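I have placed the structure first, in the form of structure tokens, so that the comments after it can refer back to it.
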Amino acid sequence: MLSLQTFARTHVRLKRCHTLIYRIASVDKFHIRRASTSSGTRTSDITPEKSPYQLIEDVEDLDRYCPGGYHPLRVGDELSDGRYQLVDKLGYGGYSTIWLARDRRRSGYVAVKAITADASGSTDEASLIRSLREPSDRLGKEIVPPLLDEFWVSGPNGKHRCVVTPPARMSLFDAKESSRFGLFQPKVAQSIIAQLIRGVAFLHSQDTVHGDIHLGNILVQLPKAIDGLSTPELYQRFGEPESEAVVRIDGKALPSGVPAQVFFAAWFGVRSDEIALGEEKIILNDFGESFNPHKSSRYSSKTLPLLQPPETRFPDEPLSFASDIWTLACTIWEIFGQRPLFETFFPTRDRVTMEQVQVLGILPPEWWGKWDRRLEWFAEDGELNMKPGVPRRLDGVRRTWEMRFSHGIQEPRAEAGLQTVTDKEKRAFDSMLRSMLNFRPNERATARQVLQSEWMNSWGLPALEQSWSTSNSTMEQMQMTKD
């Protein structure tokens, strides 16, 4: 078995390599703690006029420690009149840093998101989460993280809103990336997909489009047992917090709003294939791109390029619930198997459209003629363009849906020694996803229709019910042991 240090080092290598293929654009991405405490600081290639600080990798942008930017925090700091003591760092994004804190009032661990001062007054994320948690009897509500607390803190860079939620173990992206095969156990994958579909159906019933569904924004919750660990016991199990000094290139003293040291994010996760049924309870993170399509019109998406629906390229009408359905389908595929449905290096708009046509066929006529680079890959009928003199970027091989299912799902499962998808389940799975990936938004299945699909009723929901049964049995055993 790998030691924690060896595993962490391996995880870092995998992550940096994989990022070239599938770069996460999440505002609250999670990062692995460094394996070594030796200095990793190097002088940045960016000129001092652009950044006065020596570059430290795998931390937030140091230049954002300025008026309107991040609040300088460190492990050991106390917030909200001493109620929360920071014990480690969970991650960061363009508009926040996220910390693991000990809630002294309830004797448990929480996640504290400290939002940048310039975003603290404009974000509606906390109020949206609060409103979504209000309905008490809606299926799927559990995917929305409960808002435990909210408070403000003042500092040298301004006033910062802080949001408190339960801590997450890791994202699905990180869980897959840390695994050799990048796969979940089949029952676990089915349960996660069922939870996600139920959750999106709940959001849509509340007139909310999430707007940024991807593996990096789906988090596995930390087990409640962690609350029983003291801070020293937590460090003994997962390692001490690690940090690095912030140094100006010119050797001058740091401004008051810049921390003397920055911390690397901790790793509390497990490999995707090691998540047992009953331990895969998920929450959907980052509602910063969420909107009500009845109240606001959006024509562009900020989610990952390979997951963006085609109507963002050909915006005849504003985005709506159907745009979530498209990204949900792409995410479901990746949870179910190893590789994404759509793949390309440097996903430009044209390359993304090329991938979509390769898998799903020719675009609707009203869009096909608007794509001015279509003939670089395809003939006018949507088949591969094999004429002499035309750059055959696809090498004459069309990577169809069936080919991708085999290479991205079935073969990796067989190689990992996992159960492959039966013909009956595959037919139901294909039918569900294809109904979600119609090019025209008004022809896609709704979340409610996906919820009622054959795959959900025959595979997704039964796996979820089995997970609940397993989880309840485990809790009962723990209680009996405690008694």
Taking only pairs six or more apart or across chains, which ones have beta-carbon atoms under 6 Å, a first residue in segment 229-246 that is at pLDDT below 95, and a second residue that is among the aliphatic types (A, V, I, L, M) and surrounded by 13 or more Cβ atoms within 10 Å (Cβ to Cβ)?
-> none
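Need a quick list: helices (runs of 4 or more DSSP H) entirely within segment 282-388 having at least 2 residues that are farther than 30 Å from Q190 by Cβ and not assigned by TED's automatic domain parsing to the domain that holds G91. First the steps, then the outcome.
Details: elements: 321-336, 349-360, 365-368.
Qualifying helices (runs of 4 or more DSSP H): 349-360, 365-368.
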Can we say I213 is within 12 Å of the chain's Cα centre (by Cα) and crowded, with 24+ Cβ neighbours inside 10 Å?
-> yes
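Got at least one residue in segment 159-175 being more than 22 Å from the chain's Cα centre (by Cα) and surrounded by fewer than 18 Cβ atoms within 10 Å (Cβ to Cβ)?
Filtering segment 159-175 for residues more than 22 Å from the chain's Cα centre (by Cα) gives 159-161.
The next check asks that each one be surrounded by fewer than 18 Cβ atoms within 10 Å (Cβ to Cβ); those that pass are 159.
Yes.
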From (1) more than 26 Å from V110 (Cα to Cα); (2) hydrophobic (A, V, I, L, M, F, W, C); (3) crowded, with 17+ Cβ neighbours inside 10 Å; (4) out of contact with any Phe, Trp or Tyr (no Cβ under 6 Å at 6 or more places or on another chain), pick out the condition that doesn't hold for V262.
-> (1)
Please indicate, with yes or no, whether at least one residue in segment 389-396 is modelled with pLDDT of 95 or more and of a type in the set (G, A, S).
-> no
Is there a residue being in a helix (DSSP H, G or I), in the same structural domain as Q449 (by TED's automatic domain parsing) and among the aliphatic types (A, V, I, L, M) anywhere in segment 138-146?
-> no
Residue count, segment 177-187 (criterion: under 18 Å from the mean Cα position of the chain (by Cα), on the phi < 0 side of the Ramachandran plot and surrounded by fewer than 23 Cβ atoms within 10 Å (Cβ to Cβ)) = 1
How about segment 118-147: which of its residues are of a type in the set (D, E), without any contact (Cβ under 8 Å) to a residue 60 or more places away in the chain and closer than 12 Å to F287 by Cα?
-> D124
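The values are calculated or read from the model by the stated rules, or taken from the named source; none is laboratory data. Everything numeric here is computed off the predicted structure, so don't read it as measured data. Cβ sites come from the backbone with ideal geometry, for glycine too, and all protein chains shown count toward neighbours.
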